[in-house]
Amino acid sequence: MRRIMTLMTSVTLLAGVAQADEWELAWSDEFNTKGLPDKTKWDYEEGFCRNKEKQYYTRERKENVRVEGDVLVIEGRKETFKNPKHKPGSKKWQEQDVAQYTSGSINTLGKMDFKYGRIEVRAKVPQGKGMWPAIWMMGPTINKVGWPRCGEIDIMEYVGKDPDIIYANNHFANPEIKDKAVHKSGGGGKIKIKEPYNDFHIYAIEWTEKEIKFFVDDKQYATFNIDMAGKGPDNPFRKPHYLLLNLAMGGDWGGQIDDTVFPRKYEIDYVRYYKGKTGQQQKAGGNIRHDV
């Protein structure tokens with residue numbers, strides 16, 4: 001495992017794909033402290049969240065989310081966990097009595113918004129059927145306008161049932177239908193990476209007001225034309241997004257879970273956000289949120 005220095009002042013010293021003549025580091029987490037993730041940078045999702053996934057996302061529980069060996073670990077576990085949001089007699093899957101699996105999902109909502117630039121995450125995905133790790137982004141307007149109007153950028157998704165494939169995608173409301181939010185997706189793609197669970201890879205996007213390019217290591221494999229989601233500034237991909245890191249299990253896409261593989265670790269070496277240097281076409285602007 002490479003050992004990165006504490007936060008550096010020169011981009012040229014940073015390991016990774018981003019080139020010093022194009023980008024400058026604006027925000028990062030190198031995960032070089034022990035214990036829970038830095039609470040000034042990360043918050044948690046909690047509960048049964050979406051897609052009828054099987055895991056319960058816990059809050060500030062080191063069994064599921066912790067920093068160790070200079071790496072963020074999100075661990076999926078097979079265990080019985082009481083659902084504090086259980087409602088007797090409810091038929092909603094989010095309100096079931098107990099979970100049979102636990103995991104973690106952290107995000108920068110209310111801490112840091114990103115708009116344009118390069119975002120890269122060096123990570124090692126977990127092996128096994130039912131595993132569904134992701135690196136993704138959503139607009140913080142989700143609580144006001146809902147999904148998919150807020151926009152979603154899937155920098156990396158991996159499902160263990162497709163063991164050599166990495167996916168990217170974008171989700172948004174059909175701009176041709178104004179009276180309701182009709183979901184569309186597009187501009188994504190997939191790439192074959194032999195046994196990606198055996199090593200760390202750099203998953204990245206380069207995002208401008210015109211397009212989003214998707215990369216694994218130094219290879220671009222997809223491009224999203226932002227005008228697909230509408231022309232002008234109201235397009236959600238011309239507005240800030242926050243970042244999420246999570247390990248889902250099962251659900252609509254994850255599929256059947258192999259219970260023999262647990263526990264499983266999704267490992268993240270670092271997260272870095274670069275702005276385009278002054279004078280570059282890649283105009284970028286992040287917004288550090290101080291209401292924490």
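Here are the numbers for this structure:
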| item | result |
| --- | --- |
| Out of VAL71, VAL67, sole residue that is within 29 Å of GLU24 (Cα to Cα), without any contact (Cβ under 8 Å) to a residue 40 or more places away in the chain and either crowded, with 21+ Cβ neighbours inside 10 Å or among the aliphatic types (A, V, I, L, M) (or both) | VAL67 |
| GLU176 being within 15 Å of PHE215 (Cα to Cα) and either surrounded by fewer than 17 Cβ atoms within 10 Å (Cβ to Cβ) or touching a residue at least 12 places away in the same chain (Cβ under 8 Å) (or both) | no |
| Unmet criterion (only one of (1) touching a helix residue (DSSP H, G or I) at 6+ places or on another chain (Cβ under 6 Å); (2) modelled with pLDDT of 90 or more; (3) in a loop (DSSP other than H, G, I, E, B)) for ALA20 | (2) |
| Count of residues meeting criterion [of a type in the set (Gly, Ala, Ser) and modelled with pLDDT under 95] in segment 98-145 | 1 |
| Test: residue in segment 95-107 that is in a loop (DSSP other than H, G, I, E, B) and under 24 Å from MET138 (Cα atoms) | yes |
| Matching option when the condition is among the acidic types (Asp, Glu), under 19 Å from ARG122 (Cβ atoms) and in contact (Cβ under 8 Å) with a residue 24 or more places away in the chain, among GLU267, GLU209 | GLU267 |
| Selection status of GLU120, among the charged types (D, E, K, R) and surrounded by 23 or more Cβ atoms within 10 Å (Cβ to Cβ) | yes |
| Looking only at segment 258-269, and only at residues there that are more than 21 Å from the chain's Cα centre (by Cα) and part of a loop (DSSP other than H, G, I, E, B), the one that is surrounded by the fewest Cβ atoms within 10 Å (Cβ to Cβ) | ASP258 |
| Unmet requirement for LYS34, which otherwise passes all of (1) of a type outside the set (Phe, Trp, Tyr); (2) under 16 Å from the mean Cα position of the chain (by Cα); (3) loosely packed, with under 13 Cβ neighbours inside 10 Å | (2) |
| Pick from segment 130-147, criterion touching a residue at least 60 places away in the same chain (Cβ under 8 Å) and not hydrophobic (A, V, I, L, M, F, W, C), ranking: farthest from VAL65 (Cα to Cα) | THR141 |
| Within segment 214-231, tally of residues that are surrounded by fewer than 17 Cβ atoms within 10 Å (Cβ to Cβ) and touching a helix residue (DSSP H, G or I) at 6+ places or on another chain (Cβ under 8 Å) | 0 |
| Number of positions in segment 232-250 that are modelled with pLDDT of 95 or more and either surrounded by fewer than 23 Cβ atoms within 10 Å (Cβ to Cβ) or of a type in the set (Gly, Ala, Ser) (or both) | 8 |
| Test: residue in segment 43-58 that is small (Gly, Ala, Ser) and surrounded by 15 or more Cβ atoms within 10 Å (Cβ to Cβ) | yes |
| Within segment 91-134, considering residues that are over 15 Å from the mean Cα position of the chain (by Cα) and of a type in the set (A, V, I, L, M, F, W, C), the one nearest to GLU60 (Cα to Cα) | ALA99 |
| Selection within segment 219-234 - under 15 Å from TYR116 (Cα atoms), in contact with a strand residue (DSSP E or B) (Cβ under 8 Å, 6 or more places away or on another chain) and not aromatic (Phe, Trp, Tyr) | THR223, ASN225, ILE226 |
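The values are calculated or read from the model by the stated rules, or taken from the named source; none is laboratory data. From a predicted model like this one, the values you see are computed outputs, not experimental measurements. All Cβ positions, even for glycine, are placed from backbone atoms using ideal geometry, and neighbour counts span all protein chains on display.
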